[in-house]
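Quick notes on the structure that follows.
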Amino acid sequence: MSKIKRPYAEVATVAVELIGKLTGTCERIEMAGSLRRLCPEVGDIELVAIPRIGVLSTERECDIFGQETVNEIRGSLLWRQLGLLLPAGAYTKCGEKYRQFVYEDIQVDLFTSEIGNWGWSYLIRTGSAEYSHHMAGALNKKGYTSQLGYIRKRSQSMGERIETPEEEDVFRLAGVNYVDPVKRCW
């Protein structure tokens, strides 16, 4: 599906509606990409979310003595809610950290994050692509790299991850002043 550019207000309205349907299943969910940068025309909806993990179902079992045990099946409440919201086969890409689908005739890219890497994930998904590359380069110059979704010291092979719960944490590590998303359209 090719991305059709539409007016910001049209896409933002659909994004807000979708976020409203997913909010209870997330610790945090926000618009990213060109919506967050307030671009006048938008080709898709990019969202970043920290899913809530909860009980998806329970199984009751009895052992040979009749003793009952209850096993809880836990997982992402976000993915369960999307499964209920979307028709079967709606995903064009379907992984544990990223899903792509069409909602109200608009492509949606939904990325998941954790509390500890929210700032880095949100910054990269906000873009623009050129700005994200700029910030990765600034981090690299300070001795950092990105591995498995977290910023780490480059000198350590799979070193300890550095928590970036907010975007400002990434800017601080990179030694760069915070830039408003609207000004990240390079």
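The values are calculated or read from the model by the stated rules, or taken from the named source; none is laboratory data. Please read these numbers as outputs of a predicted model, since none were measured by experiment. We place every Cβ from the backbone using ideal geometry, glycine too, and count neighbours over all the protein chains shown.
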So which strands (runs of 3 or more DSSP E) stay within the range 37-104 end to end and still have 2 or more residues that are surrounded by fewer than 10 Cβ atoms within 10 Å (Cβ to Cβ)? 53-62, 68-76
Those residues of the range 117-133 which are surrounded by 16 or more Cβ atoms within 10 Å (Cβ to Cβ) and part of a helix (DSSP H, G or I) amount to ASN117, TRP118, GLY119, TRP120, SER121, TYR122, LEU123, ILE124, ARG125, THR126, TYR131, SER132
Looking at the range 16-34 only, could you name the residues that are within 14 Å of the chain's Cα centre (by Cα) and either surrounded by fewer than 13 Cβ atoms within 10 Å (Cβ to Cβ) or free of Cβ contacts under 8 Å to residues at least 60 places away in the same chain (or both)? ILE19, THR23, THR25, CYS26, ILE29, MET31
Does any residue of the range 15-29 turn out to be assigned to a strand (DSSP E or B), in the same structural domain as TYR103 (by TED's automatic domain parsing) and touching a Leu at 6+ places or on another chain (Cβ under 9 Å)? yes
Residue check: is VAL176 surrounded by fewer than 18 Cβ atoms within 10 Å (Cβ to Cβ) and in contact (Cβ under 8 Å) with a residue 12 or more places away in the chain? yes
Picking from TYR91, TYR98, TYR144, the residue that is among the aromatic types (Phe, Trp, Tyr), modelled with pLDDT under 95 and within 24 Å of GLU27 (Cβ to Cβ) would be TYR91
LYS183 vs. criteria basic (Lys, Arg) and closer than 27 Å to VAL16 by Cα: yes
